[in-house]
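The values are calculated or read from the model by the stated rules, or taken from the named source; none is laboratory data. Here the structure is a predicted model, which means the values were calculated and not measured. Every residue, glycine among them, receives a Cβ derived from its backbone with ideal geometry; neighbour counts consider all protein chains shown. Note: areas computed on protein heavy atoms with side chains; ligands, DNA, RNA excluded. Shrake-Rupley method; radii C 1.70, N 1.55, O 1.52, S 1.80 Å.
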Amino acid sequence: MGRGVDPLYVHLARRVAADADPDLLAVAEAAPEDRATANLLFAAVHFLLERSPDHPLAAYYPTLTDDARSPDDDCYPAFRDFCLDHADEVRSLLRRRRTQTNSVRRTAVLYPAIAHVASRVDGPLALVELGPSAGLNLLFDRYRYDYGDRVVGASESPVTIESEICGGDPPLPTDPPTLHSRVGVDLNPLDVTDDADADWLRALVWPAHEDRRAVLDAALTVARTDPPRLVAGDLLEDLPGVLDEIPEDVPVCVVNTLVLYQVPEAVCAELETYLTERMTRRPLHWLTGETELSGGESVRLDWVRAEGNGVERTRLADYEPHGAWVDWRA
């Protein structure tokens, strides 16, 4: 199950694998091959279970009851029964939906990184995120940040991002950088004003991660008051048009965190070629956090920009994938 283990999902994953029930596997097979079937299935069940809170399976979900049961011998049978009883709905979600989590706490590394870029350009930044899902990280300047010995950002925000600086001295301005504009490009953007999309985002958070869900709920509240602009489109085909809309004299900061691993290597290479060429013709900086380190326990964030007659890449920070800590390297 990877990082941030959830005991319920670990139990169910092991039981599904051991049982190999053909009827249950037939339901799971509705997920397209290019998607993470296990996470998608668990999210689909979580989504539907919130609409059927009286089902016996709900007793194991801390998101649905204040006294959740630990996984026991009755847990997997209840899960199997729920999946088969709602097979058509589960299949529909597996075909239509994606694991588009918005790890809002990842803004803990974006806050100093974007501030770092902003201090090196003239005028407010135009922020462009690749693969933003619902665009909650595009709203990084509307959140409050508690780094232990420093509290910065939007002081009155209902969203507090807690993180630890475990190395280096990142720029942590009291007030967030001023933005010229913000926009995201995603093949399948989610609408924060749509209840089903918001519920899907909640369902993607594993049941044991109650603190992550609380931050997500607060961020959704903030986003619904003034939703970010999201463009439904392809990174290669539609990003140029988005950049062309931004005046040439406005500095651009393109951001992506743990998105490109889902994209074919050839497309990633083409994207890098396009961005590095574009940044030689206009003020454009690229913050890319895609290289996982230490078995996935940390991620590297790089800053790519034009420097002199060439393009420079600097390792700005390593960070825990959900923003629990930041190790500033610049």
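Some values worked out for this structure:
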quantity: Overall Cα dimensions of the stretch 91-249 - principal axes, largest extent first, Å; calculated: 48, 42, 29
quantity: Point-charge dipole on Cβ atoms (K/R +1, D/E -1) for the stretch 79-161, about Cα centre, debye to 20; calculated: 260
quantity: Dipole of the chain [Lys/Arg +1, Asp/Glu -1 at C-beta], most positive-end residue of ALA38, GLY323, PRO251; calculated: PRO251
quantity: Accessible carbon and sulfur surface of the stretch 102-172 relative to its total accessible area, %, 1.4 Å; calculated: 39
quantity: Separation in nanometres of the label points that stand 7 Å from Cα toward Cβ, at GLU33 and ASP249; calculated: 5.2
quantity: Extension gain, ASP73 back to LEU236 (0.36 nm per residue minus Cα-Cα distance, nm); calculated: 53.8 nm
quantity: Cα gyration tensor shape for the stretch 1-62, rounded if a/c is under 1.5, else prolate or oblate; calculated: rounded
quantity: For the stretch 233-241, Karplus couplings with θ = phi - 60° (6.51, -1.76, 1.60), whole Hz, Gly/Pro x; calculated: x, 8, 4, 7, 7, 10, 4, x, x
quantity: 5 angstrom amide H check on ALA36, placed H, neighbours 5+ away; calculated: THR99
quantity: Calculated over the stretch 159-303: convex hull of Cα atoms, volume per residue (Å³); calculated: 163
quantity: The stretch 264-330, accessible surface, carbon-and-sulfur percent (1.4 angstrom probe); calculated: 46
quantity: Net charge contributed by nearby residues that have their C-beta within less than 14 Å of ALA154 (K/R +1, D/E -1); calculated: -3
quantity: Cα centroid of the stretch 109-167 to Cα centroid of the stretch 57-107, whole Å; calculated: 31
quantity: Scaled radius of gyration (Cα, divided by 2.2 N^0.38 Å) that the stretch 7-112 gives; calculated: 1.15
quantity: Local net charge near PRO71, Cβ-Cβ under 13 Å (Lys/Arg +1, Asp/Glu -1); calculated: -1
quantity: Distance histogram in 10 Å bins (all Cα pairs of the chain, percent per bin); calculated: 5, 25, 32, 23, 11, 3, 0
quantity: Accessible area (Å², per residue) of the chain, counting only protein heavy atoms and a probe of 1.4 Å; calculated: 44
quantity: Estimated vicinal HN-Hα couplings, Hz - the stretch 41-57 in sequence order (Karplus 6.51, -1.76, 1.60; Gly, Pro = x); calculated: 5, 4, 5, 4, 5, 4, 4, 6, 5, 5, 9, 9, x, 8, 5, x, 5
quantity: Phi-based couplings in Hz for the stretch 243-259 (Karplus 6.51, -1.76, 1.60; Gly and Pro marked x); calculated: 5, 5, 6, 8, x, 4, 8, 8, x, 10, 10, 8, 10, 8, 9, 6, 10
quantity: Dipole of the stretch 49-152 [Lys/Arg +1, Asp/Glu -1 at C-beta], most positive-end residue of SER119, HIS55, VAL104; calculated: SER119
quantity: The chain, helix-only ellipticity at 222 nm - DSSP H runs n ≥ 4, -39,500 (n - 2.57), divided by all residues, nearest 500; calculated: -11000 deg cm²/dmol
quantity: Stokes-Einstein diffusion coefficient of the stretch 291-330, Kirkwood radius over Cα pairs, 4 °C, 1.567 mPa s, in µm²/s; calculated: 119
quantity: Counted charge near THR314, where neighbours are those whose Cβ lies closer than 12 Å (Asp, Glu -1; Lys, Arg +1); calculated: +3
quantity: Accessible surface of the stretch 193-235, 1.4 Å probe, proportion on carbon and sulfur as whole %; calculated: 46
